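Some notes on the structure that comes next.
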């Protein structure tokens with residue numbers, strides 16, 4: 001069997017308040033959006049594009065998000081990309097979501113530096 005890697009690292013700003021949920025068995029889950037901005041190559045000077053990423057955090061990491069993360073916060077995350085799709089009106093719509101394993105607050109707040117999924 002060959003080895004493979006699915007790992008993503010992002011630094012950006014939280015786009016909206018985290019959406020907190022709980023599974024039927026009581027597992028806490030947080031969904032949030034992260035904006036990253038990049039320069040457009042070959043474009044006008046100062047021309048940028050914002051990409052939006054859907055993040056999911058589980059268990060203690062979800063609790064950290066609920067307690068400390070809010071709109072506009074700058075964060076660093078590491079995780080894996082998961083692809084799926086759903087159907088709406090007979091059209092298949094692909095989705096990409098990032099399951100977060102580590103999150104570090106970069107905004108200047110008096111909170112813990114971050115937490116990982118193993119904590």
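No value in this document is a laboratory result; all are computed from the given coordinates. Computed from a predicted structure; not experimentally measured. Don't worry about glycine lacking a Cβ; one is built from the backbone with ideal geometry, like all the others, and counts go over all protein chains shown.
For the chain, the antiparallel share of DSSP beta bridges with both residues in that region comes to about 95%. Which label marks the calculated value of semi-axes √(5λ) of the Cα gyration tensor in Å, given the options (1) 43, 11, 10; (2) 61, 19, 12; (3) 24, 22, 16? Among (1) 43, 11, 10; (2) 61, 19, 12; (3) 24, 22, 16, the one derived from this structure is (3). Among 85, 107, the order by Cβ neighbours within 10 angstrom, fewest to most, reads 85, 107.
The helix-based estimate of mean residue ellipticity at 222 nm for the chain, built from -39,500 (n - 2.57) per DSSP H run of four or more residues and divided by its residue count, is -2500 deg cm²/dmol to the nearest 500. Ordering 81, 100, 5 from the fewest to the most neighbouring beta carbons within 10 Å gives 5, 81, 100.
The gain in end-to-end length when the residue 107 to residue 22 segment is fully stretched comes to 27.9 nm, 0.36 nm per residue minus the alpha carbon separation. Across the range 20-75, the relative contact order, built from alpha-carbon pairs under 8 Å that are at least six residues apart, equals 36 percent.
Taking the fewest neighbouring Cβ atoms within 10 Å as the starting point, the ordered list for 20, 105, 1 is 1, 20, 105. Our summary gives the range 8-109 a relative contact order of 29 percent, counting only alpha carbon pairs under 8 angstrom and 6 or more residues apart.
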